[in-house]
Amino acid sequence: MTLVQASLSFGLPFILVLAGGYGTYKLLSLIVPHNPNPIKNSRFEAGNIPTGEGRLWFPLQYYGYLLVYTTLEPIVIILFLASAVPFYGSSLLFRNLLIVVGSFLVIMYPILYYTIKQVDQILNWELRR
């Protein structure tokens, strides 16, 4: 398979999907009427115009755990897959494996530091009234 065939087989569907989505968006924006006014753009809660503060505070105490799960777990899975490479037969494979593991560790530590800081914020764990 040449480079042209590979780029056409992988790149062309991606470009066609993006172009189709953008074309559909533009077509719908031409068809649907757009008449903005203050009442239409205001925020409604159950059909009523809200007044005062909201009754419920949305807690974010599990945001750090969400970040760990969504960012670090795929990296760990890729590291497990990379560890199955039989690197003992070739020094080139071992070097490439060390580069992959090292780069993933460099990516993982700042994310892990930020998520631990998010979990340790006491204000996120207090109940607000």
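The values are calculated or read from the model by the stated rules, or taken from the named source; none is laboratory data. As the structure is a prediction and not an experimental result, all values here were calculated from the model. Virtual Cβ from ideal backbone geometry, glycine too; neighbours counted across all protein chains shown.
Test L67 against the stated conditions and say whether it is under 22 Å from the mean Cα position of the chain (by Cα), surrounded by 10 or more Cβ atoms within 10 Å (Cβ to Cβ) and modelled with pLDDT of 90 or more.
On the way: under 22 Å from the mean Cα position of the chain (by Cα): yes; surrounded by 10 or more Cβ atoms within 10 Å (Cβ to Cβ): yes; modelled with pLDDT of 90 or more: no.
No: the conditions fail for L67.
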### Subset of the range 45-64 [surrounded by 10 or more Cβ atoms within 10 Å (Cβ to Cβ) and either modelled with pLDDT of 80 or more or not aromatic (F, W, Y) (or both)]
E45, P50, P59, L60, Q61, G64
### Query
Which pairs do you get when a residue that is under 20 Å from I116 (Cα atoms), found in the range 56-83, comes within reach of a residue that is among the hydroxyl-bearing types (S, T, Y) and modelled with pLDDT of 80 or more, reach meaning Cβ atoms under 6 angstrom, with the pair 6+ apart or on two chains?
G64/T115; L67/T115; V68/T115
